[in-house]
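Here's the structure, in C-alpha cells; my notes come after.
A short reminder: the numbers here are calculations on the coordinates, not readings from a lab. Everything quoted here is computed from the prediction, not taken from an experiment. Positions of Cβ are generated from backbone atoms using ideal geometry, with glycine treated the same way; all protein chains shown enter the neighbour counts.
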Amino acid sequence: MLSGKPRLRREQMARRPACPTLPAGRQGRDSIGPELGQTCGVASWAHFETQAPELSGVAARLWPGVVALHRGAAVPEGVSCFAVSYIATVRRDGGPRLHPFCPILAGGRLFAAIPRSSPKGWDLRRDPRCGIHALPGPEDDEFCVRATAAEVTGDPPARALVRAAVAPSGVGGMIESVAHDPLFEFDLEQVDVAPVARYRPAGHPCCPPAMASHLTGASGHGTYRG
C-alpha cells in the first residue's frame, strides 16, 4: 500500500532550504509524516487540495477530466479525460523549453508520463525545476504551478497507482504511455491563480512560519501561504 510519500533525489533535496525545526539530514517527507505529505517548502497535490481548496477548485474547473479520474468519479459528458497543458523546463544551455503534455493525478500526487524521445524528460533529469500551466478557462481562469520533478520510472507502486487512475478513461494512447514511458512526479513549490491568488507550502523560504497567513485577493479567490 502506498504511503503517499514519494522519494526525492539527494541532489534535489540539496537545492531546497533546510528546515530548521528538523534534525540534519531529515528534510524529506518521511521526517514530517504521511498525514502532511510535505517537505520543507514543497507539497504534494493532496496537501495543496487540503490547504487551499478554493485554489484547487480552479484546477478542477480547468482539468475536469483529470480531477474526475483522480477522484474515481465519472468524467463529465463532453469533457476530455486528459487536459493538454504546458510544461516549461530548463535546457542544457540554461534557456527555457516549452512543451505540451498531459498531467495525471493519482493517489494525491501529480505525475506525467514522458516519452523517452522527448527532450523535456532529459531536461528534468538534469534540472528538476519546471513550470506547469493549464490552458486558460472560459472565464480567463489561469492556473500555474512551480514545481520540482523526480523520475519515478523505477518505482513499481507509483507506476501501478498511475495505471489504475488512467485505466477507467479507456484512452488507449494514455494507457499505453503510463505503462511503458518514463514516469515523473512533481512536488509543488508554488501555485498561482490569475490574477492575484497564490499558494506556497509551509516552510517556503519566501514565506516563513511567522508570516504564514490566509488572505483574500481582489478576485475573490482565497490566497494561501504556508
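Taking other C-beta atoms within 10 angstrom as a stand-in for reagent exposure, T148, T153 fall in the order T153, T148, fewest first. Counting Lys and Arg as +1 and Asp and Glu as -1 over every other residue whose Cβ lies under 11 Å from the Cβ of P64, the net charge comes to +1. For segment 89-200, the relative contact order is 30 percent, taking Cα pairs closer than 8 Å that sit 6 or more residues apart in sequence and dividing their mean separation by the residue count.
For C102, C81, what ranking results if the residue with the fewest other Cβ atoms within 10 Å of its Cβ goes first?
Listed from fewest to most nearby Cβ atoms, that is C81, C102.
Let's see if you can work this out: charge +1 on each Lys and Arg Cβ, -1 on each Asp and Glu Cβ, no other charges. What is the dipole magnitude of segment 54-98 about its Cα centre, in debye to the nearest 20?
Details: 5 positive and 3 negative charges, 46 e Å.
Once rounded to the nearest 20, the dipole reads 220 debye.
For R129, the residues 5 or more places off, or on other chains, whose built amide H falls under 5 Å of its own are A149.
When L98, L62 are sorted by how many other C-beta atoms sit within 10 angstrom of their C-beta, beginning with the fewest, the order is L98, L62. A simple spin-label model places the labels of T50 and A164 1.9 nm from each other, with each point 7 Å out along Cα-to-Cβ.
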